[in-house]
Amino acid sequence: MTHDKLIQIIASIVMLVLLGGSGVVGTTITESTGRHKLVYADSAGENDRPEVAVGIAMGAFRGVFVNMLWIRANRLQEEGKYYEAIELAETITKLQPRFPRVWIFHAWNLSYNISVATQTPDERWQWVSSGVRLLRNEAIPKNPNDMLIHKELAWIFVHKIQGVTDDANQYYKRKVAEEWTAVLGPPPARGPEMRDGDVARAAYADWLDVVANAPETIEGAIEEEPMVAELQLALADLFGTENAQDTLRRYAVHEELHRKNLNDDELGPILGVVEEDELDRIRTLTRLMHEPAFENAWEIYIAYLRKRVLLDEYNMDPSRMVRYTRRFGPIDWRHPAAHSLYWAYTGVERGLGRAEERNRRDYDFINTDRIVMQSIQELWRSSEVYFDFLEFVQGKRSYYLAMPNTHFIDSYSEQMEDMATRGGIATSMQKVFTSYAAGYQNFLEDAIIHFYRRGELEKAEEYRQRLITWAGRPGNDHYKDERLTWPLEELVEWEMTGRYESPSVYVNQITAALQGAFYSGLLSGDQELFRRQFSWARQYHQYFIEKQNNTTLLANPDAGRMENLPKDFRVLAGGVFTNLLESLSMDEREAMYLAAPNELQLFSYLVLERELSERMNELAEEGEGRRFDDVFPAPAGIDEFRAQMEAERAQQRDFNVNVR
C-alpha cells in the first residue's frame, strides 16, 4: 500500500468518525435549543402580524428588517403610541428572541407606560404583572445569561411595585402578598426563637427545603406516598381538572379559614358562595384536609405542586431560593424586594461565570449589584410582613403592615464585603467604595436611628462605631466626623432633620418607637418610657398623615400614595402590639398584655383569643396550664369593640376604584 493511499484511508476514517460525531452532537444541540426555546421563528402563527411572515421570508436579511422595525417602534413610543409599539416589539421578539433591549422596551411599555393610562388599580396591576411575566417567563428562558434582562426585571419589583411612585403601589404590594401566600403558604411563625438571626435564617431555609426536595413528578409523589393518588382522585371528583395554582390557592384559603377557627357554616359568606352544591364541595374539602389518613399525602402533594409552580410558572429554582435565604436572611417571598433580590443576584451570579475582558460591556455589574443592595435595604426596611390574606381574597382592602426586619442589616454589610473581594472584571475594592460608599453610610445611619428609637442604645452605639471605623467612609467630611462623636440623642435628632416626610423613615421610626414602647417600656415595667415612646409615635404619625393629606390622592381615595401605615393610629399601635406579642414567650405575652392600657388590650385580645384560646383551654382541662381568660382577661368594652370591628370590616372598601 502506497503512502498516499494510507493517508486517504486514514482521512476517510477520520471523516466518517467526525460525521458520526457531528450527527450525535447536532441532534443533542437541536434538542437542547428546542427545549430551552433558543430557536428562531421559522414559520408565522395564525394570529401573528404580517411583519413576522415578511421577516421570516427575508432569510439572511432578517436582521436588516428587524432593525427597521426597531427604529419604527422607538418612534412610536416617543409619540406616545404605546399599543402600536408593543405590537411591533412582539414581532421583533419573535423574529429575534435574543435581542435583550427589545424585551426590556416591551416590558417597560407594559409596566410603566400603559399601566398608568388605565383607570383602576386592578387594571394597572394586570399591565404591571404582564411586564413581569414577559421578562420572567419569556425573555429570560430565551436569554438565560443576559444580565440586562435580569436587572430590569428586578427593577420593576423594587421600584414599580415596592416603591411609592405609582398611585396604586399599595394595591400592588397586597397582590404580591396574596399571590405568594397561595404559592408558598405563610412563612414560619415568628416565635421568640426568631429573635436570633441565624435561627431565623435556618427556619426559613428549612421551610423552603421542603419544596426544593419535593418530588419532580406526580409519579414520584405517589411513589413516596401512595395515598397521593387517592387524594388526587378525590380532588378531581370535587373540582374537576384544576391547574396547580388554583389548587394551591384553594388550599391556602382553607388553611386560613381553619387557622381562624371558622366553621363550615361561615365558609359560604366568606368565599362568596351561595349555591348548595358548591357549599357541599367546600365542606367536603374541609373534611378531606383534616382527615388523618391523608395528612402525609397532603404534605407531599402540596410540596410537589409548589415545586412545579415555581419551576413551570415562575421560572424560579427553589434550590436557589433556599441558598439565597441561607446567604441573605429570612426572606419572606410575599415581599416584592424578595423577588428583586432573587432576579438581580441571579443575574450577577450568571454574569460572574461568563464575563471576560472581551465582553465586559455586556455585563453591568455596578448597576445590577446596586439593585441587589437596594433590595436588601428594602428587606430590612419593611420585610416583616403582616397581611390578612383572607380579607384580600374577599375583595377587601385588607390589613397590610410591613415593618423593619433587622436581620437584614448585617446582610447589607456582608454583601458589600463580598463585592469588594470579588476582584477581576466584575468589581474591585475601589469600585465598591466609589459606587456604594454613600449608600452604605446612609444605611448605617438609618440603623443607628432605628435602634435608638427602639430603645436599644447598645445596638445603636455598635452601629455608630461601625460607621466611625469603616474604611470606605469619605474622609473629607469633617462636620460628619464631628457629629458622629455627639451624644446619641443629639446625633439622631440631627440625622432626622429634613427626613420626617420620607416614607421609609416614617415607617421605620414609628414602628421602632412603638416596639420600644412595648418591649423596653411595658415588658420591662417602665411605664414612663412607654408613655414617652408611645406619645412620640402618635405625634409623628399625626404629622405625617396630615402632610400626606395635602398631596394628590390616587387610585385608593382612602390613602395617600406614600401612606405605608394605617391612617388610624389606634389600628397601627394595636397591630404592632399584637404582632410583637407573637414573637414573645407565653410568660412575656402575659406580662406585656397585663401591663398594656385597655385600648391596646382590645386590639390584641381578639387575635390572642383566636390563636390561643382553644388550645390553652384544652390543655387546662388536662391539668396543664391555665385557661385562656385566666391568663388574658377580657378588657373592658370588648363586646362593643368586637361589634365595631365586624361592622368596619363589613363596610370596608376595596381598592378597585377609578383612579381618575
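Mind checking whether some residue in region 208-227 is closer than 30 Å to Leu565 by Cβ, outside the structural domain of Val128 (by TED's automatic domain parsing) and in contact (Cβ under 8 Å) with a residue 60 or more places away in the chain?
Of all residues in region 208-227, those closer than 30 Å to Leu565 by Cβ come to 208.
Imposing the further condition that a residue be outside the structural domain of Val128 (by TED's automatic domain parsing) reduces the set to 208.
Going one step further and asking which of them are in contact (Cβ under 8 Å) with a residue 60 or more places away in the chain, we end up with 208.
Within region 208-227, one or more residues are closer than 30 Å to Leu565 by Cβ, outside the structural domain of Val128 (by TED's automatic domain parsing) and in contact (Cβ under 8 Å) with a residue 60 or more places away in the chain.
Before we move on, is Gly353 surrounded by fewer than 23 Cβ atoms within 10 Å (Cβ to Cβ) and either more than 13 Å from the chain's Cα centre (by Cα) or farther than 18 Å from Asp418 by Cβ (or both)?
yes
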Scanning region 343-360 residue by residue, the ones that are within 17 Å of Pro144 (Cα to Cα), assigned to a helix (DSSP H, G or I) and free of Cβ contacts under 8 Å to residues at least 60 places away in the same chain total 3
Please verify whether region 357-366 includes one or more residues that are among the β-branched types (Val, Ile, Thr) and buried (at least 16 other Cβ atoms within 10 Å of the Cβ). no
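Looking for whichever is touching a Gly at 6+ places or on another chain (Cβ under 8 Å) and surrounded by fewer than 24 Cβ atoms within 10 Å (Cβ to Cβ) here; the options are Trp127, Trp108. Which one fits?
On the way: Trp127 fails: touching a Gly at 6+ places or on another chain (Cβ under 8 Å).
Of Trp127, Trp108, the one residue that is touching a Gly at 6+ places or on another chain (Cβ under 8 Å) and surrounded by fewer than 24 Cβ atoms within 10 Å (Cβ to Cβ) is Trp108.
Out of the helices (runs of 4 or more DSSP H) lying entirely within region 437-533, which hold 2 or more residues that are in the same structural domain as Ala596 (by TED's automatic domain parsing) and surrounded by 16 or more Cβ atoms within 10 Å (Cβ to Cβ)? Even if it seems obvious, please write down each step before you answer.
Working: elements: 457-469, 478-483, 488-496, 503-515.
Per the criteria, 503-515.
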Given the structure, is Thr118 crowded, with 20+ Cβ neighbours inside 10 Å and either among the hydrophobic types (A, V, I, L, M, F, W, C) or modelled with pLDDT under 85 (or both)? no
For Lys160, state whether it is part of a helix (DSSP H, G or I), closer than 30 Å to Tyr506 by Cα and touching a residue at least 60 places away in the same chain (Cβ under 8 Å). no
Restricted to region 72-96, and to residues that are more than 14 Å from Trp108 (Cα to Cα) and β-branched (Val, Ile, Thr), which residue is nearest to the chain's Cα centre (by Cα)? Thr93
Can you confirm whether region 515-525 contains a residue that is under 22 Å from Phe443 (Cα atoms) and modelled with pLDDT of 90 or more? yes
For region 136-157, name all the residues that are touching a His at 6+ places or on another chain (Cβ under 8 Å) and in a loop (DSSP other than H, G, I, E, B). Pro144
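The values are calculated or read from the model by the stated rules, or taken from the named source; none is laboratory data. Just so it is clear, the structure is predicted and the values come from calculations on it, not from any experiment. A quick note on method: Cβ atoms are made from the backbone with ideal geometry, for glycine too, and the neighbour counts reach across all protein chains shown.
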